[in-house]
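The values are calculated or read from the model by the stated rules, or taken from the named source; none is laboratory data. What you see is a predicted model; the values in this text were computed from it and never measured. Cβ atoms come from the backbone with ideal geometry, glycine included; neighbour counts cover every protein chain shown.
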Amino acid sequence: IVDRDGVVYKGRPSGMDQWKAAHATDTPHRTLAEAMVGADVVLGLSAKGAITKEMVASMAPNPIIFAMANPDPEITPEDVASVRSDAIMATGRSDYVNQVNNVLGFPYIFRGALDVRARRVNHEMKVACAQALAALAREDVPDEVAMAYRGRKLRFGPDYIIPSPFDPRLIWYIPPFVAQAAMDTGVARKPIEDMDAYRTELRSRLDPSAALMQNISGAVRAAPNKRVVFAEGEETAVIRAAWGFKQAELGTPILLGREDLIRQNAAEAGLNFDEMGIEIVNARVSEHNVEYTDWLYARLQRRGYLRRDVQRMINQDRNYFAAAMCARGQADCMVTGVTRNFNMVLKEVRRVLDVKERMIGLSILLAKGRTLFVADTSIHELPNAEELAEIAIQAAATVRKLGKTPRVAFLSYSTFGNPPGDRGEKVREAIRILDQRGVDFEYEGEMPPELALDPEARAAYPFMRLTGHANVLVMPAIHSAAISTRLVQSLGGATVIGPLLVGLEKSVQIVSLGASVSEIITAATFAAYDEGAAAEG
């Protein structure tokens, strides 16, 4: 370190005055220009213009320059780039890459320290924070962060050596490192016994779906390993999702597509495919190509399909091939939908897989500490009374698989017949059907949302059978289901997962067009979970 007088110091700071006294070198008044000749790293904490292009040019190969003066750095990245193409540059400015910002460290150091009731923040805890940031910078960057940078691809390298202050993972990634360092150095008065549970609790503060997903992910990891086909395996988002799925030890991903293109897109995303160890299947050259064609032709030959039609479907359409893999036992479940709309994908999958039970779309809505399940959000446009009853039965069964006790409310614009109308009558008929079937879950309707969700609003309806707030909301039609969930999500009042596809003989999840990496991973996790639950059943 060179001070304003040109005095060079070395060693680790521990109080500037004492440090200067102890660590002054034998060569005082050495100029900054002289000190930077052949230097690997320079850290500037001084003033605009303190570092010149000539000084940068004299540094060692691949130099690291932290120009931290504010608001103007000692030298700008543009000036560095004009004389060096191998330099790694960081500033404190948000309009340049590699912004060094104290919000990356201080809040999370304090979070970790407070959560273990640390007596003080020691050097080891600060080092642990720095190590956590270094580790996080090497992780795949979520789409939410890329959006904050207008879609700029962020991956570890010269232009991305430190996480973005916008990264939502900071709150749950860094404090555990700090807390662990406090525990290891004996300054923690309340040690954390379960660090994984601590991470989940931190994550749930930012993302209300975290606790639910943690439970589902835990069940998937504990179950026999499931082979999940990612049908659109050439897409970069799908490749990253498959990588994340494997890294989280949620199952065995299979990428469907051309190997050369998958490898190319993986490399562009900063992923080393040789280290990934993910299986690639090319439908056109697969050893199962003839087997799948023969099997699917036998299934479709009386539905107007010629053998050459089926062969083209298996060779050229990955949804058909992926579904056939599931049907023939080469995979357990599949994820698709990134490049094709829901209805088109569902028609293709339905030609290969049978419906085991009533097929529905179930969306999970998390808001204000509640988890609500909304059906049907993707399949039945205007369900009749029989279909409404079956939707309720299927939704209740799925909610039970997810570890919840279902309490079903049939929603409507009317309240127990007032005002009257055709849709209200269909709901009332669905209730009579459930009465006759003697189902084993609570249900009631028809009613508006406030009666379903607030038991205190039911004083005028003492006959209601729900013992608490409803957690399964059966909508009278697909448009009301889809509009309500998307409206709440758009307004920022809730987190919505899905719709999840339920009822096929094999678990298939269809994400929305252009789904993010995290959405694809969530769908794959549910696919593995649903298939595991079906196998147990």
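List of remarks:
- For P168, the criteria (1) crowded, with 20+ Cβ neighbours inside 10 Å; (2) under 30 Å from M276 (Cβ atoms) hold in every case but one, which is (1).
- Being out of contact with any helix residue (DSSP H, G or I) (no Cβ under 8 Å at 6 or more places or on another chain), among the small types (G, A, S) and within 30 Å of M344 (Cα to Cα) holds for only one residue in A389, A397, A385, and it is A397.
- Residues (surrounded by 14 or more Cβ atoms within 10 Å (Cβ to Cβ) and either assigned by TED's automatic domain parsing to the domain that holds F156 or part of a loop (DSSP other than H, G, I, E, B) (or both)) located in region 46-71: S46, K48, A50, I51, T52, S58, M59, P63, M68, A69
- Test: residue in region 363-375 that is closer than 30 Å to A283 by Cβ and crowded, with 18+ Cβ neighbours inside 10 Å: no
- Filter result (at pLDDT below 90 and either of a type in the set (G, A, S) or surrounded by 18 or more Cβ atoms within 10 Å (Cβ to Cβ) (or both)) within region 245-265: A248
- Every residue from region 265-304 that is touching a strand residue (DSSP E or B) at 6+ places or on another chain (Cβ under 9 Å), farther than 14 Å from A241 by Cα, in a loop (DSSP other than H, G, I, E, B) and not polar (S, T, N, Q): H288
- Out of A197, A241, A219, one residue alone is in a helix (DSSP H, G or I), over 21 Å from Q509 (Cα atoms) and hydrophobic (A, V, I, L, M, F, W, C). It is A197.
- The residues in region 384-400 that are touching a Phe, Trp or Tyr at 6+ places or on another chain (Cβ under 9 Å) and either of a type in the set (V, I, T) or surrounded by fewer than 18 Cβ atoms within 10 Å (Cβ to Cβ) (or both) can be counted, and the count is 4.
- Positions within region 307-321 being in contact with a helix residue (DSSP H, G or I) (Cβ under 7 Å, 6 or more places away or on another chain) and of a type in the set (K, R), in sequence order: R307, R318
- Subset of region 283-331 (residues that are hydrophobic (A, V, I, L, M, F, W, C) and surrounded by fewer than 18 Cβ atoms within 10 Å (Cβ to Cβ)): V285, V290, W295, A298, L300, L306
- As a summary of the residue check, G105 satisfies the conditions (1) at pLDDT 90 or above; (2) in contact with a helix residue (DSSP H, G or I) (Cβ under 8 Å, 6 or more places away or on another chain); (3) over 13 Å from P176 (Cβ atoms) except for the one numbered (1).
- Checked against (1) over 24 Å from the mean Cα position of the chain (by Cα); (2) outside the structural domain of E444 (by TED's automatic domain parsing), V345 passes all but a single condition, namely (1).
- If only residues of region 174-199 that are surrounded by 20 or more Cβ atoms within 10 Å (Cβ to Cβ) and touching a strand residue (DSSP E or B) at 6+ places or on another chain (Cβ under 6 Å) are counted, the one that is farthest from Y108 (Cα to Cα) is A188.
- Candidate set from region 351-362 (those that are surrounded by fewer than 24 Cβ atoms within 10 Å (Cβ to Cβ) and touching a residue at least 60 places away in the same chain (Cβ under 8 Å)); member that is nearest to N282 (Cα to Cα): L353
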